[in-house]
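A short worksheet on the structure shown next.
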Amino acid sequence: MKKLVTAAYRGEDTVKQVPYGTIKTTDGSVPPGGADAAEINRLNKVQVLNLVWRRQPISRAQIARDSGLSPATVTRVAQSLIHREKLLMDVGKVRSSGGRPPIHVAISENQSLVIGLDVGATQIRGTLVNLRAESQAELAEPTPTNREFLDVMAVVARMIQSLQSHPAAAGRKIHGVGIALAGLVNHQKRLVEFSPDFRWNDADVFAALSPRIKLPISCDNVTRVMAMGELRYGIGRHVENFVCMNLGYGIGAATVDHGRPIYGSRGLAGELGHLCVDTTGRRQCKCGNYGCLEAVASGYAVASDGAALVAKAGRGVLWELCQGKPDRVTAELVAAAAQGGDVGAAEIFNRAAGYIGLGVATMINILNPEAVIIGGGMAQAGSQMYSIIEDSVRKHALERSARGVRIMPAAFGMRATLMGAVALVLDELLNLKGPIGSALL
């Protein structure tokens, strides 16, 4: 039986065991033909990519010092990432304190593009960005009113094709497509197992898109995608442990622990919207249960309560904003009416915000995060919502658990999900995994 050697690779915080005798260098790299050569080579690339992402521009010598990889391995890996994967680029010599100025490398941000899509219940948005998340083009279309899976995917495919052919993409490499979807999304299988908002069951995203789209495609739950955006471009630059809540048409949550999203045993973690907060159970949720947070505090719940108020009251600020037509009421109008002094609208809004605060307190008690990030349409309601949420947290969260926890809006506001879809692609590129990252190897 061959002896095994354990080696840690900081790029992914993983531990690999490879047969003793295959490792010939002190930096953990394996020579061509080694039993685990391809995987070790990938991990070396991941380590270099993530160092460059965090520290760019950076010299090869500095990468070797910081990573523990040998200079020869760093040179080989960097050359591959520049010329084969096309994720890095030489940025020239940087002035040094003595000796020959070193040539630095950086992420090939301008020549590399990705496509991100946010598939919402009322609107589908798409963006073409570089790796700095700078928009090169954006599109939006209404979601098909029937919300049938194949009809929605037809719009998604058409939008991807339009972004692919956009003049801004000419002569530049599009690495892949990231898609944010509502519901229980199996990230690995690219399957929406269940979506209450769309009423989809076992909807195969890859099978629907692959005949028309030849780019690598990755998809995930909308809130986990939003958290990925914060991780790569927002709060994740400063903290490693946070919860991201998406308060939109529905409600979801995602957790980042030590810089990595938590998926759960089957990739379905984060369904905070289906936490029971109303034990009287008078209102049925779209999932079929009663008393869920989403049933009493989501965008559709607030709009439904507002529509009932308009139909009953016959006057008031909300009635004027929707011109007396209940079917025009949205959560945004209810929030605006509440701020405008409508007592009934304020009662609806404040009750929903209180329930959301209970959800935040629950996440704090269970996960003890450094921060709670709140995004989505409901999160744009202003300071009044945050004040009510903070009051509810003070009532329901353990004092020591809540101490020092920051409750703050998502970095990108209403674009948080789009930036998350972009970050989903970036994460696979930087870790050379998943459908998009693996396509480069």
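The values are calculated or read from the model by the stated rules, or taken from the named source; none is laboratory data. Since we're looking at a predicted model, the values are computed, not measured. Glycine also receives a Cβ, built like all others from the backbone with ideal geometry; neighbour counts cover every protein chain displayed.
Is it the case that segment 257-269 has a residue that's modelled with pLDDT of 90 or more and part of a helix (DSSP H, G or I)? No: segment 257-269 contains no residue that is modelled with pLDDT of 90 or more and part of a helix (DSSP H, G or I). Against the list (1) modelled with pLDDT of 95 or more; (2) touching a helix residue (DSSP H, G or I) at 6+ places or on another chain (Cβ under 8 Å); (3) charged (D, E, K, R), the condition Asp204 fails is (2).
Residues checked against (1) of a type outside the set (A, V, I, L, M); (2) surrounded by fewer than 24 Cβ atoms within 10 Å (Cβ to Cβ); (3) over 17 Å from Ala180 (Cβ atoms):
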residue: Ala353; (1), (2), (3): no, no, yes
residue: Leu358; (1), (2), (3): no, yes, yes
residue: Thr362; (1), (2), (3): yes, yes, yes
residue: Ile366; (1), (2), (3): no, yes, yes
residue: Ala402; (1), (2), (3): no, yes, yes
residue: Ala416; (1), (2), (3): no, no, no
residue: Val425; (1), (2), (3): no, no, no
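Scanning segment 389-403 for residues that are outside any loop (DSSP other than H, G, I, E, B), among the aliphatic types (A, V, I, L, M) and more than 18 Å from Gly273 (Cα to Cα) yields a total of 1. Every condition in (1) at pLDDT 50 or above; (2) more than 20 Å from Asn431 (Cα to Cα); (3) not in a strand (DSSP E or B) is met by Val91 except one, and the failing one is (3).
Residues satisfying the criterion are absent from segment 81-102 (criterion: free of Cβ contacts under 8 Å to residues at least 60 places away in the same chain, buried (at least 17 other Cβ atoms within 10 Å of the Cβ) and in contact with a Pro (Cβ under 9 Å, 6 or more places away or on another chain)).
Within segment 222-235, one or more residues are touching a helix residue (DSSP H, G or I) at 6+ places or on another chain (Cβ under 6 Å) and under 19 Å from Arg199 (Cα atoms). Within this structure, Gly178 passes the test of being crowded, with 16+ Cβ neighbours inside 10 Å, modelled with pLDDT of 95 or more, in contact with a Ser or Thr (Cβ under 8 Å, 6 or more places away or on another chain) and not β-branched (Val, Ile, Thr). If the condition is being closer than 22 Å to Ser438 by Cα and either in the same structural domain as Ala301 (by TED's automatic domain parsing) or not in a helix (DSSP H, G or I) (or both), then segment 142-180 contributes Arg172, Lys173, Ile174, His175, Gly176, Val177, Gly178, Ile179, Ala180. Within segment 413-441, residues that are in contact (Cβ under 8 Å) with a residue 24 or more places away in the chain and at positive phi have Cβ atoms under 6 Å from residues that are of a type in the set (Val, Ile, Thr) and part of a helix (DSSP H, G or I) in these pairs: Leu432/Val46, counting only partners at least 6 apart in sequence or on another chain. Filtering segment 164-174 for residues that are within 30 Å of Gly288 (Cα to Cα), at pLDDT 95 or above and surrounded by fewer than 21 Cβ atoms within 10 Å (Cβ to Cβ) leaves an empty set.
Is there a residue in segment 118-125 that is part of a strand (DSSP E or B), in contact with a helix residue (DSSP H, G or I) (Cβ under 9 Å, 6 or more places away or on another chain), buried (at least 22 other Cβ atoms within 10 Å of the Cβ) and modelled with pLDDT under 95? No, segment 118-125 contains no residue that is part of a strand (DSSP E or B), in contact with a helix residue (DSSP H, G or I) (Cβ under 9 Å, 6 or more places away or on another chain), buried (at least 22 other Cβ atoms within 10 Å of the Cβ) and modelled with pLDDT under 95.
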